[in-house]
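Please treat every number below as a calculation from the coordinates, not as lab data. Worth saying up front: this structure is predicted, and the values here are computed from it rather than measured. As a convention, Cβ positions derive from the backbone with ideal geometry for all residues, glycine included, and neighbour counts pool all protein chains shown.
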Amino acid sequence: MAYLVLAYPEIKKSDFDVIQNYRKENDKLFYNVVEPHFTIVFPVFDQTETDFIAEIKKQAATFNNFDFVLRCATINKDAFNEYFHTFLVPDEGYSNIVKIHDRLYSGILKENHRLDLDFIPHIGIGNSLNKLDCKKMVDQWNKDEFEIGGTVKTLTIAEYKNNNLRQIEEIKL
């Protein structure tokens, strides 16, 4: 069992449907587990639920909601397995997500912060063991201009266990 923090973006239904329809075909790992999101804190295994919730609330207290705009898809190699991933990465709002991410890892979660890995704010839309499949996905998205704007107004604390996600609490920004 692990605890994590997600930010579910508020976006237009038509944009949500485009992302979900794409994920249904291309995101074999997470489509059935979680809706489109930005991961702010990756799974943490060494905290109690009570301590984790208290820490996230404490560290998130000074943040406000913010807007973002996605205009680019990228490819990323997973550091923990053989998969490659296709991400939608924000042009606007990128720094807000990085700052929240870093703050949430500044207290009791400091030892869980993976400084050996680049943190790239993203919404995952696809994955494959074949990097060229992900490159095709990236090229599909980037061949034409697109713009998906939205707002992050809350952080969701969740429990991840047996490939299932359970929402524990939502924090308003």
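Using a basic spin-label model with each label point 7 Å from the Cα along Cα→Cβ, how many nm lie between R114 and D51?
Using points 7 Å along Cα→Cβ, the separation is 2.1 nm.
Can you tell me how much longer the chain between V69 and E145 gets when fully stretched, taken as 0.36 nm per residue apart minus their C-alpha distance, in nm with one decimal?
Full extension from V69 to E145 adds 26.1 nm.
Quick one: which residues, 5 or more positions from G126 or on another chain, have an amide H under 5 Å from its amide H? H modelled 1.01 Å from N in the peptide plane, none for Pro or chain starts.
Counting only residues 5 or more places away or on other chains, the set is T86.
May I ask you to list the GluC sites (Glu not before Pro) in the range 42-89 that are in a DSSP loop and have at most 10 other Cβ atoms within 10 Å of their Cβ? All intermediate terms of the calculation are to be shown ahead of the outcome.
Working: sites: E49, E55, E82; in loops: E82.
Here the sparse-neighbourhood loop sites are E82.
Evaluate the distance, in nm, between pseudo-label points positioned 7 Å from the Cα of N81 and of E35 along their respective Cα→Cβ axes.
In this crude spin-label approximation the distance works out to 2.4 nm.
Let me know the charge dipole size of the range 1-148 about its Cα centre in debye, to the nearest 20, where only the beta-carbon of Lys, Arg (+1) and Asp, Glu (-1) is charged.
Details: 17 positive and 24 negative charges, 14 e Å.
Its charge dipole is roughly 60 debye.
Going down the list K58/K110; K99/K143; K28/K135; K77/K135; K12/K161; K58/K172, which pairs span over 20 Å between their C-alpha atoms? Mind dumping the intermediate values first?
Working: K58/K110 14 Å; K99/K143 30 Å; K28/K135 16 Å; K77/K135 11 Å; K12/K161 30 Å; K58/K172 12 Å.
Distance filter (> 20 Å) returns K99/K143; K12/K161.
Can you list residues whose amide H is under 5 Å from E169's amide H, if they're 5+ apart or on another chain and H is modeled 1.01 Å from N?
Residues meeting the amide H criterion: I157.
Over the chain, what relative contact order in percent results from Cα pairs under 8 Å that are six or more residues apart? Show your work: numbers first, answer last.
Numbers: 322 pairs, mean separation 61.1, N = 173.
RCO, the chain: 35 percent.
Apply the Karplus parameterisation 6.51 cos²θ - 1.76 cosθ + 1.60, with θ equal to phi minus 60°, to every residue of the range 27-44 and state each ³J(HN,Hα) to the nearest whole Hz, in sequence, with x for glycine and proline.
My calculation for the range 27-44 gives 10, 6, 7, 10, 3, 7, 9, 8, 7, x, 7, 9, 7, 9, 10, 6, x, 10 Hz in order.
Order these peptides, 113-124, 63-74, by their mean beta-carbon neighbour count within 10 angstrom, highest first.
By packing density, highest mean first, the sequence is 63-74, 113-124.
Where does the chain land at 222 nm, in deg cm²/dmol rounded to the nearest 500, when only DSSP H runs of n ≥ 4 count, each adding -39500 (n - 2.57), divided by all residues?
Computed mean residue ellipticity for the chain: -9000 deg cm²/dmol.
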